[in-house]
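Undergrad: Starting off with a structure, shown below.
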Amino acid sequence: LKIVRHIADLDLDHTLKIGLVPTMGAFHEGHLHLMRKARSETKTVVVSLFVNPTQFAPGEDFDRYPRDEERDAALAEANGVDVLFAPTVEDVYPRRTTSVHVGGVATRWEGAHRPGHFDGVATVVCKLFNIVSPHVAYFGLKDFQQCAVIKQMVEDLDVPVKLSFEETIRESDGLALSSRNVYLNEELRPTAPELYRQLGLVKDEIHSGTPVDQAIEVARANLTALGFQVEYMAAVDPATLEPSSDVNVGLRVIAAAKLGPVRLIDNV
Ligand code: AMP
């Protein structure tokens, strides 16, 4: 028992107990930022490292997804992580009978272009929440729709966890860090930041009064001329992920585009 007489001596420990950072490994500064945030706010930091087969559509890069557990473990340790939870596929999926399907915000964009992707994400994140029982879980806003999907799942299923969404960490030229950036060869790498640059131009145009659809069409054409195959680019209501041109809702402009063999996503 501690008897406290002075306000300044109260010094209560407000840190929550368990923080979880779900990842697929191949750590970069984006992951490390989430780990450090968790470290600063929670007592025990758990990072899961699991390349989740159910969130890859057939023909996607599950087999060649970058994996380097030794390097990841060293980086996790250096950033104050207490537990690196790296289960086997058999452990996580003894069967694949039950899954979590999030409708609504999961339907469009990534959901439409990557069939089954968000069922895989929601299922594995739900399982991780049940396995680890974190007080707080940390996700990156680079995957904006993923954040919306997890938020909706947590609300709809009354999952007792607090969600924390963190800013996107970028290279100095603007390219959002991603484990998949290693697929960019020397020829494509200088073009890759154009996705973020064009999204920024859309934002500026909208702020200066250009109609949303027009600003997006210009950016889309610019990206196509630079060699991107744009899968989608849209201004959306950040809560519903439905297309919107209502600047009062705090529009998010989201995009996915292929550059050679690499699929990039970003948002502003
Ligand atoms: P991943 O390993 O790609 O599944 O990502 C694990 C977590 O890191 C997810 O919550 C991502 O949104 C987040 N993340 C990925 N890239 C970045 C980035 N550049 N900045 C911040 N967070 C990121």
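The values are calculated or read from the model by the stated rules, or taken from the named source; none is laboratory data. Worth saying up front: this structure is predicted, and the values here are computed from it rather than measured. We place every Cβ from the backbone using ideal geometry, glycine too, and count neighbours over all the protein chains shown. For the accessible areas, the whole protein counts, side chains as well, though only heavy atoms, and no ligand, DNA or RNA atoms are used. Shrake-Rupley method; radii C 1.70, N 1.55, O 1.52, S 1.80 Å.
Undergrad: Counting only the heavy atoms of the protein chains, how much of K203 is accessible to a 1.4 Å probe, in Å² to the nearest 10?
TA: Near enough 90 Å² of accessible area.
Undergrad: Which order do I150, I3, I18, I206 take when ranked by solvent-accessible area (1.4 Å probe, heavy atoms of all protein chains), largest first? Show your work: numbers first, answer last.
TA: Working: I150 0, I3 120, I18 45, I206 25 Å².
Reading off the accessible areas and sorting them downward yields I3, I18, I206, I150.
Undergrad: Rounded to two decimals, what ratio of Rg to Rh does the stretch 173-212 give with C-alpha atoms and a Kirkwood Rh?
TA: Reported Rg/Rh, Kirkwood definition of Rh: 1.14.
Undergrad: How big is the Cα convex hull of the stretch 146-189 in projection, averaged over all directions, in nm²? Please report the intermediate quantities before stating the final value.
TA: Values: hull surface 17.2 nm².
About 4.3 nm², averaged over all directions.
Undergrad: What is the antiparallel percent of DSSP beta bridges lying wholly in the stretch 135-252, to the nearest 5?
TA: The antiparallel proportion sits near 40 percent.
Undergrad: While we're on this one: Rounded to the nearest 10 Å², what accessible area does D91 show when all protein chains are kept and the probe is 1.4 Å?
TA: D91 has an accessible surface of roughly 110 Å² with all protein chains in place.
Undergrad: Using only Cα atoms and rounding to the nearest 10 degrees, what angle (0 to 90) does helix 29-41 make with the longest principal axis of the chain?
TA: The answer is roughly 30 degrees.
Undergrad: How large a share of the accessible area of the stretch 29-107, in percent, is made up of carbon and sulfur atoms when the probe is 1.4 Å and the other protein chains stay in place? Could the numbers behind the result be given before it?
TA: Details: 2220 of 4440 Å².
Using a 1.4 Å probe with all protein chains present, the stretch 29-107 comes out at 50 percent carbon and sulfur.
Undergrad: Given the convex hull over the Cα atoms of the chain, what projected area results after averaging over all orientations, in nm²?
TA: Its Cα hull, projected and averaged over all orientations, spans 17.8 nm².
Undergrad: Give me the lysines in straight-line cross-link reach of K2: C-alpha distance below 23 Å, same-chain residues under 8 apart excluded.
TA: Cα-Cα hits under 23 Å: K17, K43.
Undergrad: How far is the Cα center of the stretch 1-42 from the Cα center of the stretch 131-205, in Å?
TA: 21
Undergrad: On to the next question. Can you compute the FRET efficiency between T191 and H101 using 1/(1 + (r/R0)^6), with r the Cβ-Cβ distance and R0 = 25 Å? Round to the nearest 0.05.
TA: 0.10
Undergrad: S99: accessible area at probe 1.4 Å, nearest 10 Å²?
TA: 70
Undergrad: Please quote Rg/Rh for the stretch 174-268 to two decimal places, taking the Kirkwood radius as Rh and restricting both calculations to Cα atoms.
TA: Rg/Rh: 0.98.
Undergrad: List the extent of the Cα atoms of the stretch 44-112 along each of their three principal axes, largest first, rounded to whole Å.
TA: Answer, in whole Å and largest first: 38, 27, 26 Å.
Undergrad: To the nearest µm²/s, what D does Stokes-Einstein give for the stretch 1-133 at 37 °C and 0.692 mPa s, using the Kirkwood radius over alpha carbon pairs as Rh?
TA: Numbers: Rh = 16.9 Å.
Rounded, D is 194 µm²/s.
Undergrad: I would also like to ask the following. Can you list the equivalent-ellipsoid semi-axes of the stretch 28-70, largest first and in whole Å, using the square root of 5 times each Cα gyration tensor eigenvalue?
TA: 27, 11, 9
Undergrad: For the stretch 87-233, state the average projected area of the convex hull of the C-alpha atoms over all orientations, rounded to one decimal in nm². Don't jump to the answer; show the numbers that get you there.
TA: Numbers: hull surface 44.3 nm².
Reported value for the Cα convex hull: 11.1 nm².
Undergrad: Give the calculated FRET efficiency between L12 and S133 to the nearest 0.05, with a Förster radius of 25 Å applied to their Cβ-Cβ distance.
TA: 0.65
Undergrad: Rounding to the nearest 10 and keeping the result within 0 to 90°, find how far the Cα-based axis of helix 194-207 lies from the longest principal axis of the chain.
TA: 80
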